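Before any comments, here is the structure.
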Amino acid sequence: MKIQEPSTTYVAPPGKRQPPGHFALFDLGFRPFYLGGAACASVALIVWLMVLGGVPLAGGYLMRANPIGWHAHEMVFGFAAAIVGGFLLTAVRAWTGRDTAHGAALAGLAALWLAARVLVWSGPAVPAAIVDSAFLPVAALLLLRVLLAAGNKRNYFLVPVLLAFGALDAAFHFFTLDGRPDLAIRCIYAAAGIVVLLVSVIGGRVIPMFTANAIPGFVTRKWRPVELAVAPVTVLALFADAAAIDSRIVLVLAVIACATHATRLIGWRSYRVRRPAILAVLHLAYAWIPLGFALLALSAAGTAPHTLAMHAFTAGVIGGAIIAMITRTARGHTGRPLIADTRDLWSYALVMGGSALRVLGPLVAPQFYNAWIWSAGLCWALGFAIYVAAYARPLCRPRADGKPG
């Protein structure tokens with residue numbers, strides 16, 4: 001069965017048109033999770049800056065045991081996991097033409113995610129670990145039900161990917177409770193690798209299509225050997241690094257992955273895409289992938305800090321792709337034009353600028369490390385806060401065109 005790619009113009013499954021006063025937050029997955037995820041990013045960054053500034057905070061077991069672990073966990077398993085869940089619940093509906101979780105089921109899933117954020121902050125430890133570790137498996141099962149009903153075999157892989165993501169979350173809590181923060185942070189590295197893999201796979205599907213739709217006559221190329229290699233080399237390089245295997249092997253794999261993704265960008269002619277901004281930001285976010293692998297190779301060679309490579313992936317790739325997609329999806333799926341407004345442009349500039357400050361600042365002027373961290377964190381927090389302020393009302397209201405979703 002051939003499944004059509006999601007287009008820039010969303011076609012909702014048949015359903016009743018929603019009345020203008022309808023509270024729509026739980027009508028489709030992107031609504032609560034984009035709003036909650038963006039708010040989580042902003043709040044978590046502010047909290048992290050307060051921790052770095054020495055402000056005493058009454059956090060729970062994770063904050064007491066491993067503040068760095070709390071920061072990393074909430075950005076990957078709190079923020080990124082929420083956006084991934086919301087995106088997939090929305091995309092699978094478009095890909096299959098069948099309803100995904102909505103109404104009470106979606107509200108319950110959102111409540112599970114929110115309860116996890118509260119418990120991870122406040123404790124106690126074991127309930128926090130159990131509730132937090134449940135979110136991604138439950139989301140995976142909700143998606144599996146729809147994919148099986150639709151016979152959408154092409155996207156079955158999403159289920160084991162989400163289950164692996166959830167297993168790494170559970171492993172993070174296990175190692176933290178066992179007093180092994182070194183292994184817990186390795187779980188974060190592997191989980192970030194899964195999200196980068198999703199960006200590369202889904203980006204490979206939609207970025208060339210969005211480009212062709214937005215710029216008439218624009219030609220992109222896909223080379224089959226490159227497309228076949230992208231996912232394996234991405235997984236091998238990032239998981240080899242997460243597993244702390246021989247640095248020489250990581251170096252070779254990172255160089256291959258960098259070259260593969262850079263070749264993909266050349267085929268897409270990303271260097272020619274400057275507008276519209278809602279499209280250009282997708283290409284810019286993807287460009288962080290080869291840069292991240294270049295920094296990972298330098299790290300493996302002992303010439304660059306490993307944390308810069310990881311922040312290229314987490315802040316640059318994941319953060320950049322997220323702000324690009326949550327603005328685009330929020331507009332398209334609420335019946336609004338796919339044109340970035342002033343607030344969107346500020347969000348792009350702040351998130352992308354903050355990522356550059358976090359990664360490139362310490363690389364070129366390490367003596368100003370603290371200044372780079374603070375300026376980057378404030379940019380990120382403000383960028384996602386602007387998103388929340390701009391989209392809170394549209395995400396709680398029905399689609400502008402009255403269609404369901």
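The values are calculated or read from the model by the stated rules, or taken from the named source; none is laboratory data. Computed from a predicted structure; not experimentally measured. Please note: Cβ atoms are built from the backbone with ideal geometry, for glycine as well, and neighbour counts cover all protein chains shown.
Among the residues of the stretch 97-114, those identified as within 20 Å of the chain's Cα centre (by Cα) and over 21 Å from Leu148 (Cβ atoms) are Ala110, Ala111, Leu112, Trp113, Leu114. Filtering the stretch 168-203 to residues that are polar (S, T, N, Q) and more than 16 Å from Leu62 (Cα to Cα) leaves only Ser200. Close contacts from the stretch 339-366, counting a first residue that is in contact (Cβ under 8 Å) with a residue 40 or more places away in the chain and more than 12 Å from Ala324 (Cα to Cα) and a second that is surrounded by fewer than 18 Cβ atoms within 10 Å (Cβ to Cβ) and among the aromatic types (Phe, Trp, Tyr), with Cβ to Cβ under 6 Å and a gap of 6+ residues or different chains, come to Pro362/Tyr369.
Among the listed residues Leu112, Leu89, identify the single one that is more than 21 Å from Ala330 (Cα to Cα) and assigned to a helix (DSSP H, G or I).
Leu112
Pairing each residue of the stretch 56-81 that is among the charged types (D, E, K, R) with any residue that is in a helix (DSSP H, G or I), provided the two are 6+ apart or on different chains, yields C-beta distances under 8 Å for Glu74/Cys40; Glu74/Ala44; Glu74/Arg117; Glu74/Val120.
In the stretch 147-163, the residues that are under 19 Å from Ile83 (Cα atoms) reach residues that are among the β-branched types (Val, Ile, Thr) and part of a helix (DSSP H, G or I) with C-beta atoms within less than 7 angstrom, at least six apart or across chains, in these pairs: Asn155/Val92; Val161/Ile194. Is it fair to say Arg336 is touching a residue at least 60 places away in the same chain (Cβ under 8 Å), out of contact with any Gly (no Cβ under 9 Å at 6 or more places or on another chain), surrounded by fewer than 21 Cβ atoms within 10 Å (Cβ to Cβ) and of a type outside the set (Ser, Thr, Tyr)? It is true that Arg336 is touching a residue at least 60 places away in the same chain (Cβ under 8 Å), out of contact with any Gly (no Cβ under 9 Å at 6 or more places or on another chain), surrounded by fewer than 21 Cβ atoms within 10 Å (Cβ to Cβ) and of a type outside the set (Ser, Thr, Tyr). Of all residues in the stretch 116-151, exactly one satisfies the criterion of being of a type outside the set (A, V, I, L, M), within 18 Å of His102 (Cβ to Cβ) and in contact with a helix residue (DSSP H, G or I) (Cβ under 9 Å, 6 or more places away or on another chain), namely Phe135.
Pairs linking a residue in the stretch 187-201 that is within 17 Å of Leu284 (Cα to Cα) to a residue that is charged (D, E, K, R), with Cβ atoms under 9 Å and 6 or more positions apart or on different chains, are Ser200/Arg264.
Determine whether the stretch 16-37 contains at least one residue that is in a helix (DSSP H, G or I) and either modelled with pLDDT under 90 or surrounded by fewer than 24 Cβ atoms within 10 Å (Cβ to Cβ) (or both).
Initially, the stretch 16-37 is screened for residues in a helix (DSSP H, G or I), giving 30-37.
Next, only the ones that are either modelled with pLDDT under 90 or surrounded by fewer than 24 Cβ atoms within 10 Å (Cβ to Cβ) (or both) stay: 35-36.
Yes: one or more hits.
Evaluate the stretch 54-65: report whether one residue or more is crowded, with 20+ Cβ neighbours inside 10 Å, of a type in the set (Gly, Ala, Ser) and under 28 Å from Leu177 (Cβ atoms). No - not one qualifying residue is present in the stretch 54-65. If you go through the stretch 229-250 one residue at a time, do you hit one that is closer than 30 Å to Leu338 by Cα and in contact (Cβ under 8 Å) with a residue 12 or more places away in the chain? Looking for residues that are closer than 30 Å to Leu338 by Cα and in contact (Cβ under 8 Å) with a residue 12 or more places away in the chain, one finds at least one in the stretch 229-250, hence yes.
Does Leu148 satisfy the criteria of being crowded, with 18+ Cβ neighbours inside 10 Å and among the aliphatic types (A, V, I, L, M)? It would help to see each step written out before you state the result.
On the way: crowded, with 18+ Cβ neighbours inside 10 Å: no; among the aliphatic types (A, V, I, L, M): yes.
Considered against the rule, which asks whether it is crowded, with 18+ Cβ neighbours inside 10 Å and among the aliphatic types (A, V, I, L, M), Leu148 comes out as no.
Looking across the stretch 336-373, just one residue is under 17 Å from the mean Cα position of the chain (by Cα) and of a type in the set (Val, Ile, Thr), and that is Val351.
To keep it simple, each residue is scored yes or no on (1) assigned to a loop (DSSP other than H, G, I, E, B); (2) among the aliphatic types (A, V, I, L, M).
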{"position": "His261", "(1), (2)": "no, no"}
{"position": "Ile278", "(1), (2)": "no, yes"}
{"position": "Leu298", "(1), (2)": "no, yes"}
{"position": "Thr334", "(1), (2)": "yes, no"}
{"position": "Tyr348", "(1), (2)": "no, no"}
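When the stretch 254-282 is filtered for residues that are closer than 16 Å to Leu197 by Cα and under 23 Å from the mean Cα position of the chain (by Cα), the ones remaining, listed by number, are Ala254, Ala257, Cys258, Ala259, Thr260, His261, Ala262, Arg264, Leu265, Leu282.
If a residue has to be touching a helix residue (DSSP H, G or I) at 6+ places or on another chain (Cβ under 6 Å), within 30 Å of Phe368 (Cα to Cα) and part of a helix (DSSP H, G or I) to count, how many in the stretch 304-332 make the cut? First the steps, then the outcome.
Applying the first criterion (touching a helix residue (DSSP H, G or I) at 6+ places or on another chain (Cβ under 6 Å)) to the stretch 304-332 yields 304, 306, 308-309, 311-324, 326-330.
Subsequent filtering for residues that are within 30 Å of Phe368 (Cα to Cα) retains 304, 306, 308-309, 311-324.
Adding the requirement that they be part of a helix (DSSP H, G or I) leaves 306, 308-309, 311-324.
Qualifying residue count, the stretch 304-332: 17.
Inside the stretch 33-50, residues that are in contact with a Gly (Cβ under 7 Å, 6 or more places away or on another chain), more than 15 Å from Ile322 (Cα to Cα) and not small (Gly, Ala, Ser) make up a count of 3.
Please state which one of Val92, Val84 is crowded, with 22+ Cβ neighbours inside 10 Å, under 20 Å from Thr314 (Cα atoms), touching a Leu at 6+ places or on another chain (Cβ under 8 Å) and in contact (Cβ under 8 Å) with a residue 60 or more places away in the chain. Steps first, please.
Working: Val92 fails: under 20 Å from Thr314 (Cα atoms).
Step by step, each of Val92, Val84 is checked, and only Val84 is crowded, with 22+ Cβ neighbours inside 10 Å, under 20 Å from Thr314 (Cα atoms), touching a Leu at 6+ places or on another chain (Cβ under 8 Å) and in contact (Cβ under 8 Å) with a residue 60 or more places away in the chain.
Here Val120, Val126 are screened, and the one residue that is surrounded by fewer than 18 Cβ atoms within 10 Å (Cβ to Cβ), assigned to a helix (DSSP H, G or I) and modelled with pLDDT under 95 is Val126. Restrict the check to the stretch 371-388 and report whether at least one residue is in contact (Cβ under 8 Å) with a residue 24 or more places away in the chain, within 26 Å of Arg98 (Cα to Cα) and out of contact with any Gly (no Cβ under 8 Å at 6 or more places or on another chain). No, the stretch 371-388 contains no residue that is in contact (Cβ under 8 Å) with a residue 24 or more places away in the chain, within 26 Å of Arg98 (Cα to Cα) and out of contact with any Gly (no Cβ under 8 Å at 6 or more places or on another chain).
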